[in-house]
Ligand SMILES: Cc1cc2nc3c(=O)[nH]c(=O)nc-3n(C[C@H](O)[C@H](O)[C@H](O)COP(=O)(O)O)c2cc1C
């Protein structure tokens, strides 16, 4: 999760038995290097970094990717783009690739491009939403075309029961965002974390106005804005470093599982609760 998932969160999740991920989208190439190195100091276990070309643009993405290929974290996860030329380069560097997709067509492309793992992102998901399908329909359809490629399920999963359901459907695991925003280690602003606790299941909306660094009109899911402020047309994941007014007024990313979140916990406890 860009802006929210830094070394503390990623390492804690990995140390607890999950596969922690750094959100690289909004980082400079040198910051990507620093974060990977900091995470290595905090865990001996595998972790990943996520990159999204739409964020930094082609040159920025290439610079981030070059650092990742040098630093060789175990996993590189990718979202929203054509990765046919990226996946072979990562494979040559010994890095496992995961591509998050929003349609069966996109899944077939990712598998054809050689992705090691595919993530089925349902429309229930928080943050930017690639597709239009509910996870219950999408996951079984994707599994049919994935062959031997493991599939993770994403979107609205915030409980052990939710994980059990996607495992029963045939997923190899769950890819979880929003639940980990409400953890001690996440870099999210305290106001954002509190909004996640207060929000119920009916309180998210799927919108497509402006979100930081993304083309206008890109779809995302946020907590329904409750302020009569023009900033409600701006979506993001408010960070600790952002000011209170900003955190109170922008639309905050959250998936439909938000109603199941009623506390801020250390990430290791969240992993234990979910496992
Ligand atoms: C605050 C936040 C930031 C996100 N940022 C990214 C990102 O930078 N890259 C990415 O691939 N997905 C990102 N996502 C989407 C997740 O990969 C995933 O699809 C989503 O969190 C799953 O739904 P859930 O939030 O209901 O668990 C983000 C999600 C959230 C909630």
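Derivation of every value follows stated rules applied to the coordinates shown; laboratory data play no part. Because the structure is a prediction, the values reported are computed rather than measured. Cβ coordinates were reconstructed from backbone atoms using ideal geometry, including for glycine residues, and neighbour counts include every protein chain displayed.
Data overview
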| item | result |
| --- | --- |
| Virtual spin-label span in nm between residue 132 and residue 164, 7 Å along Cα→Cβ | 3.5 |
| Estimated FRET transfer efficiency (residue 194, residue 40; beta-carbon r; R0 25 Å; 0.05) | 0.20 |
| Set of segment 23-47 residues, backbone N closer than 15 Å to the point 7 Å along the Cα-Cβ line of residue 246 | 26-27 |
| FRET efficiency, residue 108 to residue 208 (Cβ-Cβ, R0 30 Å, nearest 0.05) | 0.75 |
| Computed label-point distance, nm, for sites residue 272 and residue 63 using a 7 Å Cα→Cβ extension | 4.2 |
| Mean ellipticity per residue at 222 nm, deg cm²/dmol - from DSSP H runs of n ≥ 4 across the chain, formula -39500 (n - 2.57) | -11000 deg cm²/dmol |
| Relative contact order [Cα under 8 Å, 6+ residues apart], segment 75-225, whole percent | 17 |
| Relative contact order, percent, the chain [alpha-carbon distance under 8 Å, six or more residues apart] | 17 |
| Contact order relative to length of segment 190-260, as percent, for alpha carbon pairs under 8 angstrom and 6 or more apart | 39 |
| Beta bridges by DSSP in the chain, antiparallel share as percent, to the nearest 5 | 20 |
| Estimated distance in nm for a label pair at residue 216 and residue 72, the labels positioned 7 Å out from Cα along Cα-to-Cβ | 4.6 |
| Whole-angstrom gap from segment 48-96 to segment 107-135, using each part's C-alpha centre | 17 |
| Antiparallel %, DSSP beta bridges [both residues in segment 190-260], to 5 | 55 |
| For peptides 237-243, 41-47, 126-132, sequence by mean Cβ density within 10 Å, most packed first | 126-132, 237-243, 41-47 |
| Whole-Å semi-axes of segment 171-275's equivalent ellipsoid (Cα gyration tensor) | 23, 16, 13 |
| Whole-angstrom gap from segment 225-258 to segment 151-187, using each part's C-alpha centre | 23 |
| Projected-area mean, the chain, by convex hull of Cα positions, square nanometres | 12.7 |
